[in-house]
Amino acid sequence: MEPDGKRLGMKLTLRTGARVATALIALLYSGAVAREAVRADAPKRVLILESFGSDVAPWNAITPAFKRELLRQWPSPIEFHEPAVETAREDEPQAELAFAEYLRALYAQSPPDLVVPVGGAAAQFWWRHRAALFPATPVVIGGIENRLLKALTLSSNDAAVAVQLDARAGNEIILQVLPATTNIAVVMGSSLLERFWMAEYQRAWDPLSNRVQLTWFNKLPFPEMCRRAAALPPQSVLAYGMLVVDVAGVPHEQLSALDQLCAAANAPVFGMFEEQLGHGILGGRLFSSETLGREAARMAARVLGGELGRDIPPLVLSASQPTFDWRALQRWHIAERQLPPGSVVRFRQPSVWERYRGYMLGALGIITLQALTIVALVAQRIRRRRAEVSLRESQQFIELATAAGELGLWVRDAASDELWINPRLRSLFGWAENRTVRWEDLLAHIHPEDRPRAELALGGTTRAGGAFEFEGRLRLPDGAEKWVTAKGLATLDAYGQRLRTQGIFFDITARHAAEAAAQRHRNELLHIGRVHMLGQLSGALAHELNQPLGAILSNAEAAELLLQREPPPWSEVREILADIRKDDLRASDVIQRMRALLQRHELELKSLAADALFAECLVLARHDAYERKVTVTMEVRPGTPRLRGDRVHLQQVLLNLLINGMDAMSEGPVERRRLVVRGERGPNDTVEFSVEDAGPGIPPDQVERIFDSFHTTKPNGLGLGLSISRTIIEAHHGRIWAKNNSNGGATFCFTVPADG
């Protein structure tokens, strides 16, 4: 960029002349000293030639970014020299020659290790005077327009980072975001460089003239630009290019001028450079000067490391993805959905939810927050009177919440060993309102049989911190007992010392009684199921008893006849007595099995063998199977492990499935009346049993409901057998299901855990 104008030229020329004179005087005194100071381990010297100095934005952001990145990339110290090629911006050959002579004299004894021209003016200056300065010194061009780069002849020591500024991108992004735009005002200065870019803009935007009205502000002084920007017609947009010198020859600091223009404008302003964000522009496809500086530094590090410029392809940077200022979007009421896909929105303000999320969440958890506030106030004991007032208020608030849940709360402070309890807990333990309660009083009311478990749970948590849980009985002053659940938390400080313990007591006496009643009802139901099943097996039981009793009678009669002989045949009598004893044991065994099934029985898990379970069930069911002409096959496959279960309850399940299978085949041909009972290893450490019949199967719409209570497929069934079986198997932590066979009939399966 090249600001012009007579006043600016005079100022820059005087400034340059003073710098040259000062440098030449300094050289007279410092030449010999500088020669002695150069050592083999001296830091790298990098000469940065700036086109516009440090006060022309956004190019003044290139050099700082370059220096930061190069210092990060290069492991050794670097000495930066940063003269500005101010004479190169003026059409004054003598001043430019004087500046070149100044550089030659300054670095005559110790040339720089790298020259970095920043911007097109500095690059052109260097190429005009390079042969007279340091022709062998490597060069990295830090930012030059790509068309100008192509006009330069690069040597093997030269590398470059160029920029590709596309004037068409500006109007494209405007019409993408605001397609209803009818008027675009272009803001551009009047320096030589700005006149060049004005011509580029006019050539690139001329095809838009049949769609929008283009207004050019380059021939207006800056105050008039601001006045026109404030009076634009509706559906207008301002496109801000650059403003270094206006038509009146007045130089301007770009960002300051942009601030004034955006404040005055009555329409959105689109920009060209990323550094303009935050100064009022809406956004656009923006070019980043800092990115240019960083990329030039990475290339400079490679050159300082010994790479030749010819081996480093020129890097051409273009504008970034569309970037916009959230605040400007809000000002001009532009929704983010109007932006091109992939757009970046900066300076976004947090939403109401993001800003007040903590307060909202705090309101939802106010009960927990109040409880923690109470604990914190008790622990800190700071400004005790105010803490006590807050504590009482918080207690009242918590009581409102805990009264509905009937929760008894307590907090025990470690330092003072004071115990706070709420009225609900006093009522639960039967304590008067004015009674002072200690921790020992609370433990003393726990049932003696349950107290060791409570002390173990509380003691371990108190030492190590964390949560605890306990369920047991309370013994009240009047001798009554209540079941409670206690849960709490022990808090430790940073040194592992207990600060406080707090928790709740919840009366579960009613729930415990209900669970006990439900268990009694389940046991009654299981017992009724077994009685009903024995009624179905009455014929088998009668047969099992008649056989040994009949044999006993026959043997007794035979013994009477033998005893009438003289002498009696004692050996035969002994054999008869042995048979009587065997048949008696056999009848007793049948009676014991009946008693086991008829008695009320709590679940008792033991290690069982599948084959023994099958054998006992077969004894009870074989006569019924014989009468119904059903062949029962029982097999335990090799590798089947022992199971863990209740013998009587599992017999009840198997007998129920056997009877159901016989009932299902009662109408079928005799040759198909086969029941196959199997036991084998199941998945996930289980033993799987199956009972397969050859009946008509289960109606498809009833497979999922077959185990529901009171659901039956038998004309005279109660609908309880399979429901009871499911209850038994689930109590064993197993699973029961039914399925139809592909060749007819149905199979009922269940699993129980393997032993060990």
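The values are calculated or read from the model by the stated rules, or taken from the named source; none is laboratory data. Everything numeric here is computed off the predicted structure, so don't read it as measured data. Positions of Cβ are backbone-derived with ideal geometry, glycine not excepted, and every protein chain shown enters the neighbour counts.
Within region 46-78, which residues are among the charged types (D, E, K, R), at pLDDT 90 or above and out of contact with any Phe, Trp or Tyr (no Cβ under 8 Å at 6 or more places or on another chain)?
Arg68, Glu69, Arg72
Being in a strand (DSSP E or B), over 24 Å from Gln276 (Cα atoms), touching a residue at least 12 places away in the same chain (Cβ under 8 Å) and not assigned by TED's automatic domain parsing to the domain that holds Gln254 is true for just one of Phe134, Phe80, Phe125. Which residue is that?
The conditions single out Phe80.
Filter region 611-668 down to the residues that are among the hydroxyl-bearing types (Ser, Thr, Tyr) and over 51 Å from the mean Cα position of the chain (by Cα) and list them by number.
Scanning region 611-668 gives Tyr626, Thr631, Thr633, Ser666.
Test Leu277 against the stated conditions and say whether it is crowded, with 24+ Cβ neighbours inside 10 Å, outside the structural domain of Pro112 (by TED's automatic domain parsing) and not basic (Lys, Arg).
In short, no.
Please give the number of the condition Glu557 fails out of (1) modelled with pLDDT of 75 or more; (2) out of contact with any helix residue (DSSP H, G or I) (no Cβ under 9 Å at 6 or more places or on another chain); (3) among the acidic types (Asp, Glu); (4) in a helix (DSSP H, G or I).
(1) is the only condition that Glu557 fails.
Test Val316 against the stated conditions and say whether it is out of contact with any helix residue (DSSP H, G or I) (no Cβ under 8 Å at 6 or more places or on another chain) and β-branched (Val, Ile, Thr).
no
Tell me yes or no: at least one residue of region 204-218 is under 30 Å from Leu71 (Cβ atoms), among the hydrophobic types (A, V, I, L, M, F, W, C), without any contact (Cβ under 8 Å) to a residue 40 or more places away in the chain and surrounded by 20 or more Cβ atoms within 10 Å (Cβ to Cβ).
No - not one qualifying residue is present in region 204-218.
Check off (1) modelled with pLDDT of 80 or more; (2) surrounded by 12 or more Cβ atoms within 10 Å (Cβ to Cβ) for Thr633 and give me the number that stays unchecked.
Here Thr633 meets the rest and fails (2).
For region 655-679, what are the residues that are over 18 Å from Gly697 (Cα atoms) and in contact with a helix residue (DSSP H, G or I) (Cβ under 6 Å, 6 or more places away or on another chain)?
Leu655, Gly679
What are the pairs with Cβ atoms under 7 angstrom where one residue, in region 625-651, is assigned by TED's automatic domain parsing to the domain that holds Ala612 and farther than 27 Å from Arg672 by Cβ and the other, located anywhere, is assigned to a loop (DSSP other than H, G, I, E, B) and at pLDDT 90 or above? Sequence gap at least six, or different chains.
Arg642/Ala609
Restricting attention to region 333-342, which residues are in a loop (DSSP other than H, G, I, E, B) and either exposed (fewer than 13 other Cβ atoms within 10 Å of the Cβ) or not assigned by TED's automatic domain parsing to the domain that holds Phe270 (or both)?
His333, Ala335, Pro341, Gly342
Any chance region 671-678 includes a residue that's modelled with pLDDT under 90, surrounded by fewer than 22 Cβ atoms within 10 Å (Cβ to Cβ), at negative phi and under 46 Å from the mean Cα position of the chain (by Cα)?
no
Within region 347-354, is even one residue surrounded by 14 or more Cβ atoms within 10 Å (Cβ to Cβ) and in contact with a strand residue (DSSP E or B) (Cβ under 9 Å, 6 or more places away or on another chain)?
no
Which condition number in (1) in a loop (DSSP other than H, G, I, E, B); (2) surrounded by 12 or more Cβ atoms within 10 Å (Cβ to Cβ); (3) modelled with pLDDT under 75 is the one that Val437 fails?
(3)
So Ser607 fits all but one of (1) under 59 Å from the mean Cα position of the chain (by Cα); (2) at pLDDT 80 or above; (3) surrounded by 15 or more Cβ atoms within 10 Å (Cβ to Cβ); what number is the exception?
(3)
Suppose we filter region 303-329 for residues that are without any contact (Cβ under 8 Å) to a residue 12 or more places away in the chain and either surrounded by 12 or more Cβ atoms within 10 Å (Cβ to Cβ) or on the phi > 0 side of the Ramachandran plot (or both); how many remain?
2
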